[in-house]
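Encoded as structure tokens, the structure appears first; notes follow it.
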Amino acid sequence: MLVDLSTTDLIYPSSCVATSRRFVKSESKLVESFLRAYVAGIRLIKRDIGFAEKSFAKWLSENDALIVKKSVEAYARLFKMPTCRTRASKKNVIKDRAIRRAVAKEFFNRPELFRDNGPLERALSRS
């Protein structure tokens, strides 16, 4: 392991799902279904480690039980239930995205423009 960012003071979401507002509007049922499945997956990895290990082994085609066990332990520790991220974590995500695609400077100080909590709130209330 080179570095475990979860042990540093860097504020960055361990998992981040992003799409366009247009896609959220045009495919609202798909977005909600995805988010409900995402939340269910996080709950499952925390609740049933044995099942998670079997799934990791199968879908990653990994036969080494120690690698599977350590991978599941790492993800179970890192995955948190999706919530409204802090302003600092949103800023860090925007900076990261700006490396790959131009982002207007005025957006760096307004990360709230990049978050719509509606789909996640609906998915959490129905899961």
Worksheet item: So which helices (runs of 4 or more DSSP H) are wholly in the stretch 9-127 and hold at least 2 residues that are of a type in the set (Ser, Thr, Tyr) and either out of contact with any strand residue (DSSP E or B) (no Cβ under 9 Å at 6 or more places or on another chain) or at pLDDT below 90 (or both)?
Response: 28-47, 65-78
Practice prompt. Take the residues in the stretch 70-80 that are basic (Lys, Arg) and within 18 Å of GLY41 (Cβ to Cβ), then tell me which one is surrounded by the fewest Cβ atoms within 10 Å (Cβ to Cβ).
Written response: LYS80
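Per-residue answers, yes or no, for (1) over 25 Å from ARG122 (Cα atoms); (2) in contact with a Gly (Cβ under 8 Å, 6 or more places away or on another chain); (3) not aliphatic (A, V, I, L, M):
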position: LYS46; (1), (2), (3): no, no, yes
position: ILE49; (1), (2), (3): yes, no, no
position: LEU66; (1), (2), (3): yes, no, no
position: ALA76; (1), (2), (3): no, no, no
position: LYS80; (1), (2), (3): no, no, yes
Worksheet item: Could you count how many residues in the stretch 37-62 are buried (at least 16 other Cβ atoms within 10 Å of the Cβ) and in contact (Cβ under 8 Å) with a residue 40 or more places away in the chain?
Response: 3
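The values are calculated or read from the model by the stated rules, or taken from the named source; none is laboratory data. In this text the structure is predicted, and so the values were computed from the model without any measurement. No Cβ is skipped: glycine too gets one built from the backbone with ideal geometry, and neighbour counts run over all protein chains shown.
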